[in-house]
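Data first, discussion second: the structure below is written as structure tokens.
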Amino acid sequence: MKKYFLILCLLPFAAGYVHAADSTITITGYLKDNACSVSVDSQDFTVDLLSTAAKQFNRVGTVTPSIPFKIVFDKCGSSVTAVRVGYVGTSDSDNTTLLKIDAGTNAASGIGVQILDRDQTPIPLNAAQDSLKWMTLTAGQPNTLGFYARLMATRAPVMAGTVTATANFTLEFQ
């Protein structure tokens, strides 16, 4: 009998720990229109680095003249203020900040492609996005960003041949 009585006494205490309540959590925020549309002409394009004699690359670090190219945004959102542009691709084995020349029949060797910003400061290939410089944009209208590309000797001697390399650009808007 005592066992039965003891069990009955514990049941009301155990039942007292079960609660039910109705609660509401409201989550708010604001989604800003801070991106830009890349122009069709800037989605897939070729930069012609022209012809250069292999003998002009007389030592590691020698470069060709910089060739300008641009990325055009058709329109930018009403709150965009800046963008960081990075380039991703296969890096040269001798200088990992440069884009590797594609291998193949009659491919040049001993050189890589260097990409530069509008001030002709090198942009390292495959750099972490947060290490790149912000470039100012004008909200609510088209914007054009200028860049440059050039060849750089990574070893000597440079072997003449075809120069083809491919990179993708990445964008982070502010």
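Every read-out reported here was derived from the displayed coordinates using simple, explicitly stated rules and does not represent laboratory data. Fair warning: this is a prediction, and the values are worked out from it, not measured in the lab. Cβ atoms come from the backbone with ideal geometry, glycine included; neighbour counts cover every protein chain shown.
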_Ellipsoid equivalent to segment 37-173 - semi-axes via the Cα gyration tensor, in Å_ = 30, 14, 12
*Would you pull out the residues with amide H under 5 Å of SER39's amide H, same chain only if 5 or more places away, H placed 1.01 Å from N?*
VAL72, PHE73, ASP74
*Note down the nm distance, to one decimal, between modelled labels 7 Å out along Cα→Cβ at MET135 and at ASP41.*
1.5 nm
*Check ILE111: other-chain or 5+ apart residues with amide H under 5 Å from its amide H, H built from backbone geometry?*
THR154
*Once phi is turned into ³J(HN,Hα) by the Karplus curve 6.51 cos²θ - 1.76 cosθ + 1.60 with θ = phi - 60°, what whole-Hz value does each residue of segment 64-72 show in order, with x for glycine and proline?*
8, x, 6, 9, x, 8, 9, 10, 10
*Estimated vicinal HN-Hα couplings, Hz - segment 166-173 in sequence order (Karplus 6.51, -1.76, 1.60; Gly, Pro = x)*: 10, 9, 10, 9, 10, 10, 10, 9
*Average projected area of the Cα convex hull of segment 85-135, in nm²?*
3.9 nm²
*asked:* Give me, ordered by chain and number, the residues 5 or more places off LEU125 or on other chains with an amide H under 5 Å from its own placed amide H.
replied: LEU98
*Applying 1/(1 + (r/R0)^6) with R0 = 30 Å to the Cβ-Cβ distance of GLN174 and ILE25, what FRET efficiency is obtained, to the nearest 0.05?*
0.50
*asked:* I'd like the Karplus ³J(HN,Hα) series for segment 105-113: coefficients 6.51, -1.76, 1.60, θ = phi - 60°, whole numbers in Hz, and an x wherever there's a Gly or Pro.
replied: 4, 6, 7, 5, 9, x, 9, x, 9
*Determine the sum of side-chain charges near LYS100: Lys and Arg each +1, Asp and Glu each -1, restricted to other residues whose C-beta is under 10 angstrom from that of LYS100.*
-3
